[in-house]
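**Q** One structure, as structure tokens, below. Some questions next.
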Amino acid sequence: EPRPVVSAPLVPKMAQKAGAATVVALGFGITAAGFGVLALTKSSWGYAAFVIPFLVAAVGMSMTNGPCSSVSTSAVPAEQVGAASGISNMARYVGASVFTAVAAAVYSGTTTSKLDAGKEVDDALASGFARVALVMAILSALGIPLAIAAKRMRTPRPETIDYAAAAASHSHTLPRLDPVPLVR
């Protein structure tokens, strides 16, 4: 069974107090900071050097998913919640797929060019990883102005239960809470 990041249960309270857009912007900033440190990777780093920056990035990411899902489903009428949730999920999956492809291309291109230039394998691999981390830091930082722009939109503010349900959801698809009459 997947386990949420330790910070995920705190996100609903933070989002209720500060607002979803603020928490999402902060989450993107924290994610960018974690990847920013990883962009300094050198071949001399041991595994332990990666733990804290990866944890920082994970905490930042845990701050973005729940509030984004909550906002997307609370901004529509009850009969459109399923569609809004599906669109939100699709956007997340497509984004993850695109970023994975970008990361693979950057890693491969950087590593290959370093090896072709005569660099040692360890140095080429570290350079590829560092370049990918830099790209991820930049892409994460680009989410900050998007979150700030979303704050200016006039959408209904999700309730605490919306944030909690999104944070607790493994699939980020929120169920309908009101009964749906059966057609006979």
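**Q** Enumerate the calculated ³J(HN,Hα) couplings along region 88-96 in order (Karplus 6.51 cos²θ - 1.76 cosθ + 1.60, θ = phi - 60°), each rounded to whole Hz, writing x wherever the residue is Gly or Pro.
**A** Per-residue couplings from phi come out as 4, 5, 4, 4, 5, 5, 5, x, 5 Hz.
**Q** Something else about it: Round to a whole number: what % of the accessible area of region 5-148 belongs to carbon and sulfur, probe 1.4 Å?
**A** Numbers: 5550 of 7560 Å².
Percent of accessible area from carbon and sulfur atoms in region 5-148: 73.
**Q** Then there is this: If you rank Leu10, Leu125 by how much accessible surface each has, with a 1.4 Å probe, what is the order from largest down? Write down the numbers at each step before the final one.
**A** Details: Leu10 100, Leu125 70 Å².
The most accessible residue leads, giving Leu10, Leu125.
**Q** When you count, for each residue, the other Cβ atoms within 10 Å and take the mean per peptide, how do 72-78, 59-65, 142-148 rank with the highest first? It would help to have the intermediate numbers written out before the result.
**A** Details: 72-78: 16.9, 59-65: 22.0, 142-148: 15.3.
Highest mean packing first, the order is 59-65, 72-78, 142-148.
**Q** Let me ask something additional. Looking at the square roots a ≥ b ≥ c of the eigenvalues of the Cα gyration tensor of region 16-89, which shape do they give, rounded for a/c under 1.5, prolate if a/b is larger than b/c, or oblate?
**A** Working: a/c = 4.30, a/b = 2.69, b/c = 1.60.
It comes out prolate by the Cα gyration axes.
**Q** Still on this structure, I have one more. If I stretch the segment between Arg92 and Ala104 completely, what's the gain in nm (0.36 nm per residue apart, minus their alpha carbon distance), one decimal? Don't skip to the answer; put the middle values down first.
**A** Details: separation 12, 0.36 × 12 = 4.32 nm, distance 1.81 nm.
Working it through step by step, the gained length comes to 2.5 nm.
**Q** In nm, what is the difference between 0.36 nm times the number of residues separating Ala18 and Trp45 and their Cα-Cα distance? Please list the in-between numbers first.
**A** Working: separation 27, 0.36 × 27 = 9.72 nm, distance 3.74 nm.
Separation in residues times 0.36 nm, less the Cα-Cα distance, equals 6.0 nm.
**Q** In terms of solvent-accessible area of protein heavy atoms at a 1.4 angstrom probe, what is the ranking of Tyr93, Tyr47, Tyr107, highest value first? Intermediate results must be reported in sequence, preceding the final value.
**A** Numbers: Tyr93 130, Tyr47 205, Tyr107 85 Å².
Listed by decreasing accessible area, they come as Tyr47, Tyr93, Tyr107.
**Q** Ile138 versus Ser113, label points 7 Å from Cα toward the beta carbon: distance in nm?
**A** Inter-label distance under the simple model: 1.1 nm.
**Q** Sorted by accessible area (1.4 Å probe), largest first, how do Lys119, Lys17, Lys114 line up? Present the calculation step by step, with values, prior to reporting the outcome.
**A** Numbers: Lys119 105, Lys17 180, Lys114 60 Å².
Order by accessible area, largest first: Lys17, Lys119, Lys114.
**Q** With the contact rule set at Cα under 8 Å and sequence spacing of 6 or more, what percent relative contact order holds for region 1-127? Numbers along the way, then the final one.
**A** Values: 106 pairs, mean separation 34.2, N = 127.
Normalised by residue count, the contact order of region 1-127 is 27 percent.
The values are calculated or read from the model by the stated rules, or taken from the named source; none is laboratory data. Quick caveat: nothing in here was measured; it's all calculated off a predicted structure. So basically every Cβ, Gly included, is an ideal-geometry build from the backbone, and we count neighbours across all protein chains shown. Note: accessible area is taken over every heavy atom of the protein model, side chains too, but ligands, DNA and RNA are not part of it. Shrake-Rupley method; radii C 1.70, N 1.55, O 1.52, S 1.80 Å.
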